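**Q** I am attaching a structure below and will ask some questions about it afterwards.
The values are calculated or read from the model by the stated rules, or taken from the named source; none is laboratory data. The structure displayed is predicted, hence computed values, not measured ones. Cβ placement follows ideal geometry from the backbone for every residue including glycine, while neighbour counts extend to all protein chains displayed. Just the protein is used for accessible areas: all its heavy atoms, side chains included, with ligands, DNA and RNA removed. Shrake-Rupley method; radii C 1.70, N 1.55, O 1.52, S 1.80 Å.
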Amino acid sequence: MTSDTTVVALRQPDEVVDPLTAVLRNGARRLLAQAVEAEVETFLAEMRDLRLPDGRERLVRHGYGPERLVQTGIGPVPVRRVKLRDRGAGPEEERIHFTSALLPRWARRTRSLEAVLPVLYLRGLSMGDFQEALAALLGREAPNLSPAAIARLRDTWQADYDRWQRRDLAARHYVYLWADGIYLQARMEPQAECMLVLIG
């Protein structure tokens with residue numbers, strides 16, 4: 001590949017150049033775009049029978065939403081949400097909305113990344129260290145992982161835990177069983193025997 005420029009880009013000391021990751025991110029972006037397009041086309045095909053009084057289709061494509069970055073295990077992947085327009089929703093009719101199962105409207109991280117954050121926190125990674133630790137894994141441009149974002153997530157986890165602790169257990173029956181072993185050592189015996197004690 002030839003270039004008309006004579007400017008040489010210098011690598012920063014903390015920058016890792018990984019062409020394989022770049023290829024994976026580009027492939028993930030293309031695959032995600034194709035999957036969302038297929039999802040939209042399937043939804044539109046199901047709604048083809050809905051027509052306006054003049055015979056035109058009620059539901060049509062209406063461009064794309066702004067591009068946003070979704071954090072994944074291979075770093076940020078840029079995505080654009082397909083927008084649909086309901087031309088026939090009047091005051092008495094409810095507007096038809098399309099919500100992607102692959103790309104929810106407000107998703108900023110994949111579920112697998114969402115699952116690893118509480119594990120790192122429980123393993124002792126402080127909120128101030130999240131950004132640096134995840135930047136090494138996901139790249140320096142990893143957004144939405146600032147200490148303030150992690151603090152908001154921690155508050156959500158704490159609320160979930162508090163709700164879980166206060167859940168009603170009246171409809172369930174639990175059986176508790178304690179097991180312990182006691183070693184009997186008579187000094188004359190070459191081997192110690194174990195007596196198993198079960199309390200239920």
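**Q** Enumerate the amide H contacts of Tyr64 below 5 Å, restricted to partners 5 or more residues apart or on another chain; note that Pro and chain-start residues carry no placed amide H.
**A** Amide H to amide H, under 5 Å and 5 or more residues apart or across chains, Tyr64 pairs with Lys83.
**Q** Distance from a point 7 Å along Cα→Cβ of Arg111 to each backbone N in the stretch 19-58: keep the residues under 17 Å and list them by number.
**A** In the stretch 19-58, the label zone of Arg111 (backbone N under 17 Å from the point 7 Å along Cα→Cβ) covers 36.
**Q** With the other protein chains left in place, how much accessible area per residue, in square angstrom, belongs to the chain at a 1.4 angstrom probe? Before the final figure, lay out each step's value.
**A** Values: 15660 Å² over 200 residues.
That works out to 78 Å² per residue.
**Q** Follow-up question, since we're still on this one. Report the extension gain between Lys83 and Leu169 in nm, rounded to one decimal, defined as 0.36 nm multiplied by the number of residues separating them, less their alpha carbon distance. Working shown, then result.
**A** Working: separation 86, 0.36 × 86 = 30.96 nm, distance 4.42 nm.
Taking Lys83 through Leu169 to full extension adds about 26.5 nm, to one decimal.
**Q** By its C-alpha gyration tensor, with a ≥ b ≥ c as the square roots of the eigenvalues, how is the stretch 38-110 shaped: rounded for a/c under 1.5, else prolate for a/b larger than b/c, else oblate?
**A** Values: a/c = 2.99, a/b = 2.55, b/c = 1.17.
The shape class here is prolate.
**Q** Compute the distance in nm between two label points, each set 7 Å from the Cα along the Cα-to-Cβ direction, one at Val7 and one at Asp160.
**A** It is 4.4 nm.
**Q** If packing is taken as the average count of other Cβ atoms within 10 Å, what order do 69-78, 174-183, 106-115 fall into, highest mean first?
**A** Peptide ranking by packing, descending: 69-78, 106-115, 174-183.
**Q** Using 1/(1 + (r/R0)^6) with R0 = 25 angstrom and r between the beta carbons of Leu122 and Leu198, what's the FRET efficiency to the nearest 0.05?
**A** Details: r = 32 Å, r/R0 = 1.28.
Calculated transfer efficiency: 0.20.
**Q** Students often get this wrong, so try it: which of (1) 190; (2) 134; (3) 348 is volume of the Cα convex hull per residue in Å³ as calculated from the structure shown?
**A** Correct label, based on the coordinates given: (3).
**Q** Once neighbouring chains are kept in place and the probe is 1.4 Å, which whole percent of the accessible area of the stretch 144-200 is contributed by carbon and sulfur?
**A** Numbers: 2990 of 5360 Å².
The C+S portion of the solvent-accessible surface of the stretch 144-200 is 56 percent.
**Q** Could you give me the ³J(HN,Hα) list for the stretch 107-117, computed from phi with Karplus coefficients 6.51, -1.76, 1.60 and θ = phi - 60°, whole Hz, x at Gly and Pro?
**A** 5, 10, 9, 6, 5, 5, 6, 4, 6, 7, 4
**Q** Given H placed 1.01 Å from N in the peptide plane, which residues other than close sequence neighbours of Gly75 have an amide H under 5 Å from its amide H?
**A** Amide H neighbours of Gly75, under 5 Å, 5+ apart: none.
**Q** Evaluate the charge dipole of the chain about its Cα centre and quote only its size in Debye, nearest 20, assuming +1 on the Cβ of each Lys and Arg and -1 on the Cβ of each Asp and Glu. Let's see the in-between values first.
**A** Details: 29 positive and 27 negative charges, 111 e Å.
Roughly 540 debye for the chain.
**Q** Hey, another quick one. Using a simple spin-label model with points 7 Å from Cα along the Cα→Cβ vector, what separation in nm is obtained for Tyr183 and Arg51?
**A** Label at Tyr183, label at Arg51, 8.6 nm between them.
**Q** Tell me what the chain gives for mean residue ellipticity at 222 nm when only DSSP H runs of n ≥ 4 count, each as -39,500 (n - 2.57), the sum divided by the residue total, rounded to 500 deg cm²/dmol.
**A** On the way: 4 runs with 71 residues, N = 200.
Only helices count here, giving -12000 deg cm²/dmol.
**Q** Compare the peptides 123-133, 159-169 by average per-residue count of other Cβ atoms within 10 angstrom and give them in order, highest first. Let's see the in-between values first.
**A** On the way: 123-133: 12.6, 159-169: 8.4.
Peptide ranking by packing, descending: 123-133, 159-169.
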